[in-house]
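For reference, the structure is listed below as structure tokens.
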Amino acid sequence: MWVYSHRLLGDDCILEHHSNFQHADEADESIRDYRLRLASENWDAPIVVTTSVQFFESLFSHKSSRCRKLHNIAKSVVILDEAQMIPISYLIPCLWALNELVQNYNVSVLFCTATQPSINGLLPQNTTPVEIAPNPRELYDAFRRVHIRSVGDLDDNSLGDQLAELEQVLCIVNTRNHAASLYEHIRGPGTYHLSARMYPAHRSRKLKSIRESLRNGEICRVVSTQLIEAGVDVDFPIVYRAIAGLDSIAQAAGRCNREGRLKSGDVIVFRPEANHQPRGRFQRTAAITEMVLRRHNDLLALEAIDAYFRLLYEFEGEKLDEHQIIPAFNKGAMQLAFPFREVDANFQLIDSPMTPIIIPRDTECTALMEEARWKGPSMSLSRRFQPFIVQVYQHEFVELSRHKAIEVIGEQYTSLTDLSMYDEEVGLKPTQSSLLDEPLIF
């Protein structure tokens, strides 16, 4: 999409500021690269493409390097794609920041989502969101492409048997370990696995094969974690989804009958074995979905989605501002003593203590490693390594280090040296500690 936008509007009109877009290092940059780097620091362009993390963390930052772009948000239109993905722990601070932009900086905010969160009760009283679609119910009926049904408990043997009987099917589960074990159950020709245990370039190659199989009408059975729900363009006639939050189920449904070739696709929601259900907040969102299921036949109906978010926000209560960011601001408001340094330390939308491991299986990656050994670390090099990285938790990192399966290159980058620990079909093999207690990561 952005390729066409660049062609339509011109390169000078669009600034991309996110981790997948790299600028040259200062020593190697051209005049145009120099201008792009300065524009990124100031968001000095008519159209800026960035991430929610970059946007919101800049609003709550105390660092001048991140704040110098903020004046260019005034008098702009802010479009938030997949607005329901704002982390629950920071929902109220994010909404109140957007309200401040609307009320005092002449900003218009547009939420784009198939599962509109019920935020009216979370905003200050002087703000009321407006639905811009003329008739949401009519639009829902016109674009409805799937039928959702719940089948209750499904153990891995039964689930695997059902998947093996279907020629084209996508099954989305909640943990990487479950995806790997289920894949082993049905492994064979035309069967694929996708998860964050595979580095991005590897996943891209798998997705290309999956799309070709679907397009050619070949056998294509895919077992994936939730990562396939994030903007991945695939079209399956049948999708199985392990019970999860309703917003995740709606995203899964977007991979079923996506192109509308069938009269209706089938989305089957099931409850996996207990050891495959993550704990904590994820468990609560799944329980709320089951509550909605008992009251609504159609999980994607507007009433069901509204009920889900109302129940979710009611259950979360004070955890919608878990780090007490709004009270911290209110405390010093009369003296204009806003504690941005304190807030900045607590405002981390991605709170995931993980370590990147480079998987040097591609020629391009091995060339980058040689560059790192000779030149040392750089911002450009770090970005170019990203397609070849798998994130691991600290306990996995310690175990890989103990087995001498990793090495540090360029004084900064950690690379996998024992490539037998990386499988072509499932990616980085889980360590013993990750098998015992897997946190929620996709």
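The values are calculated or read from the model by the stated rules, or taken from the named source; none is laboratory data. Computed from a prediction, not measured in an experiment: that's the story for all the values here. Here Cβ is always computed from backbone atoms with ideal geometry, including for glycine, and neighbour counts include all displayed protein chains. Only protein heavy atoms, including side chains, enter the accessible area calculation; ligands, DNA and RNA are left aside. Shrake-Rupley method; radii C 1.70, N 1.55, O 1.52, S 1.80 Å.
Taking D156 as the residue in question, decide whether it is open to solvent by less than 50 Å² (accessible area, probe 1.4 Å) and charged (D, E, K, R). Against the criterion (open to solvent by less than 50 Å² (accessible area, probe 1.4 Å) and charged (D, E, K, R)), D156 qualifies. When restricted to residues that are under 10 Å from L311 (Cβ atoms) and among the aliphatic types (A, V, I, L, M), the stretch 281-296 contains 4.
Which is outside any helix (DSSP H, G or I), open to solvent by 10 Å² or more (accessible area, probe 1.4 Å) and either of a type in the set (A, V, I, L, M) or over 22 Å from Q391 (Cα atoms) (or both), of R258, R241?
Only one candidate qualifies: R258.
Where residues in the stretch 214-238 are small (G, A, S) and open to solvent by 10 Å² or more (accessible area, probe 1.4 Å), which of them is modelled with the highest pLDDT? The residue in question is G217.
For the stretch 406-428, indicate whether the set of residues that are open to solvent by 70 Å² or more (accessible area, probe 1.4 Å) and in contact with an Asp or Glu (Cβ under 9 Å, 6 or more places away or on another chain) is non-empty. Scanning the stretch 406-428 turns up no residue that is open to solvent by 70 Å² or more (accessible area, probe 1.4 Å) and in contact with an Asp or Glu (Cβ under 9 Å, 6 or more places away or on another chain). If the condition is being surrounded by fewer than 15 Cβ atoms within 10 Å (Cβ to Cβ), over 13 Å from Q412 (Cα atoms) and either polar (S, T, N, Q) or within 26 Å of the chain's Cα centre (by Cα) (or both), then the stretch 365-382 contributes only T366.
Selection of the stretch 161-177 for residues being over 13 Å from I228 (Cβ atoms) and either open to solvent by 20 Å² or more (accessible area, probe 1.4 Å) or modelled with pLDDT under 95 (or both) yields D161, Q162, A164, E165, L166, E167, Q168, T175, N177. Identify all residues within the stretch 127-151 that are touching a helix residue (DSSP H, G or I) at 6+ places or on another chain (Cβ under 9 Å), open to solvent by 90 Å² or more (accessible area, probe 1.4 Å) and free of Cβ contacts under 8 Å to residues at least 24 places away in the same chain; write none if there are none. The answer is T128, and nothing else.
Just to verify a result, which residue in the stretch 316-374, among those that are in a helix (DSSP H, G or I), basic (K, R) and in contact (Cβ under 8 Å) with a residue 24 or more places away in the chain, is farthest from T285 (Cα to Cα)? Steps first, answer last, please.
If we filter the stretch 316-374 for residues that are in a helix (DSSP H, G or I), which is where we start, we get 316-321, 325-331, 340-346, 363-374.
Add one more test, that the residue is basic (K, R), and what stays is 319, 331, 341, 373.
When the remaining residues are screened for being in contact (Cβ under 8 Å) with a residue 24 or more places away in the chain, the result is 319, 341, 373.
Values: K319: 14, R341: 32, R373: 46 Å.
Of everything passing the filter in the stretch 316-374, R373 is farthest from T285 (Cα to Cα).
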